[in-house]
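S.K.: Please read through the structure below; I'll follow up with questions.
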Amino acid sequence: VLPGEAEVRSAWFVRYAIHANAPVEADYILSRNGLVIARGRAALRPGPNHFFARDAAEEDGILQYRLEVMLSGDAVPQNNCSEALLRVRGGEKALVVSSVETPGLLANSLAAAAIPFDSFPPERFPDSPALLESYRLVILENCRLIDFPGGGAQALAAAVDAGLASLLITGGSDSFGTGGYHRSPLDPLLPVELELRNERRRGTTAVAIALDRSGSMAADAGNGRTKMDIANLGAAESIRLLSPRDQAAVIAVDSQPHVIVPLSQADAADDLARLIRGIQSMGGGIYCRTALEAAAGEIRKSSLSNRHIILFADAADAEEQDGCLELAERIGREGVGLSVIAMGTVGDSDAGFLRELAAAGGGEALFSSHAGGLPALFTQEIMRVSRRGFLEEAVTPRLAPSFAMLGVQADSPPRLGGVNVSSAREGALVFMDIDDGFGTPLLAARANGRSWTGAVLFELDGRHSGSFPAWPQAPELIVSLSRLLASGVNHVPVKAYSRLDRGVAEARFEFSPEAIRQFRNVRPVLKWLAREGLVAESEMEWLEPGIAAARFPLARPGTYLPLADLGELGVAAAPSLSLSYSPEYAPESGRDGLALLRSLADAAGGGDGLDISDLRRSARAERPGGVELRPFLFAAFLLMFLLELAARRLWIR
């Protein structure tokens, strides 16, 4: 049990209970954001055993508490962990996500402008919208989405789409197309398009894709599709990103290579994609050396200077490894690059080999533990190897008329050392672009309902930033853009409560009379946000003037954020709720059902009877003038039986 919320530098009690079915001793650990604040061994009595710990926080944000009980021989280990969140109130702030440990131009500019912010590496990014509730702006500084924890990108997209926070993405060689944003959950929110098949290109590329079609790829991936279907989709989408002057080949491999698309011009992308999507999973495991030999045979047919092989394999079922590293090094000396996309994790049995294989070919091994992440990896890698997602060449920006909205006085923008290539989406505001005949955007923003998304399509400070870090207006531009995006988010201050009772969540909001007058024509909608995004939404019910509530049954374990959408006024969040395990594993007292039935009987003016004969006796007692019908019914049955016998005998005669 936690307070609804707390203030910075205040103290509170964390109350928790451990239920036991019999006398037993168990170890327990209580942690907050990974830091242990209480641990011990307790002699538990049957029923709930109550404990408490004192805690405090010096900074605002979301605290994540976790209670874990260790008991050997537990018949139901599924309910041995419980989680809860506590919101510590402070000023709203920004979140900077960057792979660079030393603060750079972005962090220093925000600090100089007294804009409070937290800074995380991509690996620590929150995987739930509830953990983003204290931020009005999230900034991704030249980050690859593959480095985010599973569900991180989806949680961020849900928070931005619901109006909880705005988003700013800065460019570089690890961002946008080459960072895996194309066809990711964040893609539809961007102010720019990343699919540039017909974009004017510097150079051409030949790509050979070897796809694992072994038996493991027949496993179900959800929505009626197999892992093979998802891999096919990723390969097909990557082919669609190539230009008509590029070349592509696709080989399906089990124990033998099967050339689905021989090396061809990529000018008929739709036809090639149709062939790829028709690949079916077969038996056995992928033979890696066979796959590499077949892919090398196709790629050697190309005379283009930029040639690359992409091997897709199962990280737990990659066979025929002998000789692969030597083969990868040999084709590397021929000017052919090699990278690996693996289904699985870095901890799988063949993951180490696949990483060594990619390194021998001068590339990288990319892993996805779920099939749904494969298409983004394919498109990320094809943009990288085709050198179309990020152009390493000097360009001079041009200030667009809308640049005046930022309030930055500038005449001569700095020269940049590289740009992420894209095109402006409909409805986007372009503040800065390139005078190249196409108006390639360099700085753009777009409204997404209750929030904004901004894109800086160049590196702020780094190898490709050119003279931008030395530009006197650079800090002011960063701060002005950040404030513009954050101003598009409005967190309405309200009193809000939430509770969870046997899998049913309820959120209640108390609005002031002034707030009610503001949206008397607005019907508040409550959105339940979880790790996978928006899971449900419904109109809120007015319980009484100024108090609105909504209920929602929770079935899947996770953390849920109740968010009230108040139309143009903004959004209001209630305290988050955590369902640590399925309600079926919740500890029972053994008398809950009986207590419920007795309360219903009392409410109806009746009583209880556990035996059906007791109910019959009580019914007769309540009707003393009643008549017992059983003798009459038996006599009637006997009479009908005799009449039937008599009728048959008379008929025979």
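The values are calculated or read from the model by the stated rules, or taken from the named source; none is laboratory data. In this text the structure is predicted, and so the values were computed from the model without any measurement. Cβ placement follows ideal geometry from the backbone for every residue including glycine, while neighbour counts extend to all protein chains displayed. Note: areas computed on protein heavy atoms with side chains; ligands, DNA, RNA excluded. Shrake-Rupley method; radii C 1.70, N 1.55, O 1.52, S 1.80 Å.
S.K.: Accessible surface of Thr226 in the full protein assembly, 1.4 angstrom probe, to the nearest 10 Å²?
M.R.: 40 Å²
S.K.: 222 nm [θ] for the chain, helices only, -39500 (n - 2.57) per DSSP H run of 4+, per residue, to 500? All intermediate terms of the calculation are to be shown ahead of the outcome.
M.R.: Numbers: 13 runs with 150 residues, N = 653.
Estimated from H runs of four or more residues: -7000 deg cm²/dmol.
S.K.: Give the residue list of trypsin sites (Lys or Arg not before Pro) in the range 328-419 that are DSSP loop and have at most 14 other beta-carbon atoms within 10 angstrom.
M.R.: Details: sites: Arg330, Arg333, Arg355, Arg384, Arg387, Arg388, Arg398, Arg415; in loops: Arg387, Arg388, Arg415.
Passing sites in the range 328-419 are Arg415.
S.K.: Between helix 227-240 and the chain, what is the angle of the helix's C-alpha long axis to the longest principal axis, kept within 0 to 90° and rounded to the nearest 10?
M.R.: 30 degrees
S.K.: Same structure again: Using a Debye calculation, one point per C-alpha and no hydration shell, please list log10 I(q)/I(0) for the range 203-254 at q = 0.25, 0.30, 0.32 Å⁻¹ in order.
M.R.: Taking Cα atoms of the range 203-254 as identical point scatterers yields -0.93, -1.14, -1.21.
S.K.: Then there's this: With a 1.4 Å probe and every protein chain kept in, tell me what percent of the accessible surface of the range 90-227 is carbon plus sulfur.
M.R.: Taking all protein chains in place, the range 90-227 shows 47 percent carbon and sulfur surface.
S.K.: Please list 3J(HN,Hα) in residue order for the range 29-35, calculated via the Karplus relation 6.51 cos²θ - 1.76 cosθ + 1.60 where θ = phi - 60°; whole Hz, with x for glycine and proline.
M.R.: Here the 3J(HN,Hα) series is 9, 10, 10, 10, 6, x, 9 Hz.
S.K.: May I pose another question? Compute the long axis of helix 374-385 from its Cα atoms, compare it with the longest principal axis of the Cα atoms of the chain, and write down the angle in degrees, 0 to 90, nearest 10.
M.R.: 10 degrees
S.K.: Starting from the 7 Å offset along Cα-to-Cβ, what nm value, one decimal, do you get for the label separation of Gln265 and Val525?
M.R.: 4.8 nm
S.K.: Also, I was wondering about something else. Which residues' amide hydrogens lie under 5 Å from the amide hydrogen of Gly363, considering only partners 5 or more residues apart or on another chain, with H built in the peptide plane?
M.R.: Under 5 Å from the amide H of Gly363 lie the amide H atoms of Leu338, each far enough along the sequence or on another chain.
S.K.: So, counting K/R as plus one and D/E as minus one, what does the shell of residues with Cβ under 9 Å around Gly151 add up to? The partial results should precede the final answer.
M.R.: Values: positive: Arg531; negative: Asp127, Glu532.
So the surrounding residues net to -1.
S.K.: Starting from one equal scatterer on each C-alpha and no solvent at all, send me the Debye-based log10 I(q)/I(0) for the range 456-582 at q = 0.10, 0.12, 0.16, 0.17 Å⁻¹, two decimals.
M.R.: -0.48, -0.60, -0.79, -0.84
S.K.: Over the range 233-318, what lengths in whole Å, largest first, do the semi-axes of the equivalent ellipsoid take, defined as the square roots of 5 times the eigenvalues of the alpha-carbon gyration tensor? Before the final figure, lay out each step's value.
M.R.: Details: eigenvalues 95, 47, 22 Å².
Semi-axes (√(5λ), whole Å): 22, 15, 10.
S.K.: While we're on this one: With a probe of 1.4 Å, find how much accessible area the chain has per residue, and write the answer as a whole number in Å². Can you show the working numbers first?
M.R.: Working: 31070 Å² over 653 residues.
Per residue, the chain has 48 Å² of solvent-accessible surface.
S.K.: Next up: Please report, largest first and rounded to whole Å, the three semi-axes of the ellipsoid equivalent to the range 281-325, where each semi-axis is the square root of five times an eigenvalue of the C-alpha gyration tensor. Can you show the working numbers first?
M.R.: Numbers: eigenvalues 106, 24, 18 Å².
Equivalent ellipsoid of the range 281-325: 23, 11, 9 Å, largest first.
S.K.: Each residue of the range 336-349 in turn: what ³J(HN,Hα) in whole Hz from Karplus with 6.51, -1.76, 1.60 and θ = phi - 60°, glycine and Pro shown as x?
M.R.: 10, x, 9, 9, 10, 10, 10, 8, x, 10, 5, x, 6, 4
S.K.: Relative to the compact-globule scaling 2.2 N^0.38 Å, provide the ratio for the alpha-carbon radius of gyration of the chain.
M.R.: On the way: Rg = 32.3 Å, N = 653, 2.2 N^0.38 = 25.8 Å.
Output field value: 1.25.
S.K.: Placing +1 at every Lys and Arg Cβ and -1 at every Asp and Glu Cβ, with all other atoms neutral, what dipole size does the range 66-151 have around its Cα centre, in debye to the nearest 20? Walk me through the numbers before you get to the answer.
M.R.: On the way: 7 positive and 11 negative charges, 63 e Å.
It works out to roughly 300 debye.
S.K.: Roughly how many whole Å is it from the C-alpha centroid of the range 323-360 to that of the range 237-287?
M.R.: Cα centroid of the range 323-360 versus Cα centroid of the range 237-287: 20 Å apart.
S.K.: While we're looking at this one, here's another question. Considering amide H positions built from the backbone, and no H for Pro or chain starts, which residues 5 or more places from Arg531, or on another chain, come under 5 Å of its amide H?
M.R.: Thr559
S.K.: Given contacts defined as C-alpha pairs under 8 Å and at least six residues apart, what's the relative contact order of the chain, whole-number percent? Mind showing how you got there, number by number?
M.R.: On the way: 1452 pairs, mean separation 81.1, N = 653.
The normalised contact order for the chain reaches 12 percent.
S.K.: Any idea what % of Cα-Cα pairs in the range 1-61 are farther than 15 Å? The partial results should precede the final answer.
M.R.: Numbers: 1033 of 1830 pairs.
In whole percent, the share of Cα-Cα pairs in the range 1-61 beyond 15 Å is 56.
S.K.: Could you look at the range 272-341 and say what percent of its accessible area is carbon and sulfur, using a 1.4 Å probe and all protein chains?
M.R.: Details: 1300 of 2860 Å².
Carbon and sulfur: 46 percent of the exposed surface of the range 272-341.
S.K.: Tell me the chymotrypsin sites (Phe, Trp or Tyr not before Pro) within the range 465-523 that lie in a loop according to DSSP and have at most 16 other beta-carbon atoms within 10 Å.
M.R.: Of the chymotrypsin sites (Phe, Trp or Tyr not before Pro), the ones in loops of the range 465-523 whose Cβ has at most 16 other Cβ atoms within 10 Å are Phe519.
S.K.: Further, regarding this structure: Amide H to amide H, which residues 5 or more places from His19 or on other chains are under 5 Å from it, using H placed in the peptide plane?
M.R.: Answer set, sorted by chain and number: Asn49.
S.K.: If you don't mind, another one. What lysines does Lys93 reach when the alpha-carbon gap must be under 29 Å and sequence neighbours fewer than 8 apart in one chain are set aside?
M.R.: Leaving aside lysines fewer than 8 places away in the same chain, those within reach of Lys93 are Lys495, Lys527.
S.K.: Enumerate by residue number the GluC sites (Glu not before Pro) in the range 324-418 meeting two conditions: DSSP loop (anything except H, G, I, E, B), and at most 14 other Cβ atoms within 10 Å of the site's Cβ.
M.R.: Numbers: sites: Glu326, Glu329, Glu334, Glu356, Glu364, Glu381, Glu392, Glu393; in loops: Glu334, Glu364, Glu392, Glu393.
Those satisfying the criteria are Glu334, Glu392, Glu393.
S.K.: May I pose another question? Which distance in Å, rounded to a whole number, links the C-alpha centroids of the range 119-174 and the range 417-470?
M.R.: 19 Å
S.K.: Give the ranking of Trp542, Trp12, Trp452 by solvent-accessible surface, highest area first, calculated with a 1.4 Å probe. Intermediate values should be presented prior to the final figure.
M.R.: Numbers: Trp542 85, Trp12 15, Trp452 60 Å².
Highest to lowest solvent-accessible surface, that is Trp542, Trp452, Trp12.
S.K.: Roughly what % antiparallel, to the nearest 5, for the DSSP beta bridges in the chain? Before the final figure, lay out each step's value.
M.R.: Numbers: 92 of 143 bridges.
The answer is about 65 percent antiparallel.
S.K.: Charges on Cβ only, +1 for Lys and Arg, -1 for Asp and Glu, centred on the Cα centroid of the chain; of Phe353, Leu399, Pro129, which one is farthest towards the dipole's positive end?
M.R.: Selected residue: Pro129.
S.K.: Follow-up. Can you bin every Cα-Cα distance in the range 350-464 into 10 Å intervals starting at zero and give me the percent of pairs per bin, rounded to whole numbers?
M.R.: It works out to 11, 32, 29, 18, 9, 1, in whole percents.
S.K.: Positive end of the charge dipole of the range 424-514 (Lys, Arg +1 and Asp, Glu -1 on Cβ, about the Cα centre): tell me which of Val494, Val479, His464 has its Cα farthest that way.
M.R.: Value: Val494.
S.K.: What shape does the range 37-135 take by its C-alpha gyration tensor, where a ≥ b ≥ c are the square roots of the eigenvalues and a/c under 1.5 counts as rounded, a/b above b/c as prolate, and the rest as oblate?
M.R.: Numbers: a/c = 3.30, a/b = 2.41, b/c = 1.37.
Cα axes put the range 37-135 in the prolate bin.
S.K.: Let me know the charge dipole size of the range 349-489 about its Cα centre in debye, to the nearest 20, where only the beta-carbon of Lys, Arg (+1) and Asp, Glu (-1) is charged. Working shown, then result.
M.R.: Values: 11 positive and 14 negative charges, 68 e Å.
Approximately 320 debye in magnitude.
S.K.: For the range 149-255, divide the Cα radius of gyration by the Kirkwood radius and give the resulting Rg/Rh value with two decimals. Mind dumping the intermediate values first?
M.R.: Details: Rg = 16.8 Å, Rh = 16.4 Å.
Rg divided by Rh gives 1.02.
S.K.: Per residue, what volume in Å³ does the convex hull of the Cα atoms of the range 175-316 enclose? Spell out each step's value before the answer.
M.R.: Values: hull volume 17.5 nm³, N = 142.
Residue-normalised Cα hull volume stands at 123 Å³.
S.K.: Leaving ligands, DNA and RNA out of it, rank Val36, Val138 by accessible area with a 1.4 Å probe, largest first.
M.R.: Details: Val36 65, Val138 0 Å².
Order by accessible area, largest first: Val36, Val138.
S.K.: How high is the relative contact order of the range 128-181? Use alpha-carbon pairs under 8 Å, at least six apart in sequence, and give a whole percent.
M.R.: Values: 67 pairs, mean separation 28.1, N = 54.
Normalised by residue count, the contact order of the range 128-181 is 52 percent.
S.K.: Largest first and in whole Å, what are the equivalent-ellipsoid semi-axes of the range 378-425 based on the Cα gyration tensor, each being the root of 5 times an eigenvalue?
M.R.: Working: eigenvalues 158, 38, 9 Å².
Equivalent ellipsoid semi-axes, largest first: 28, 14, 7 Å.
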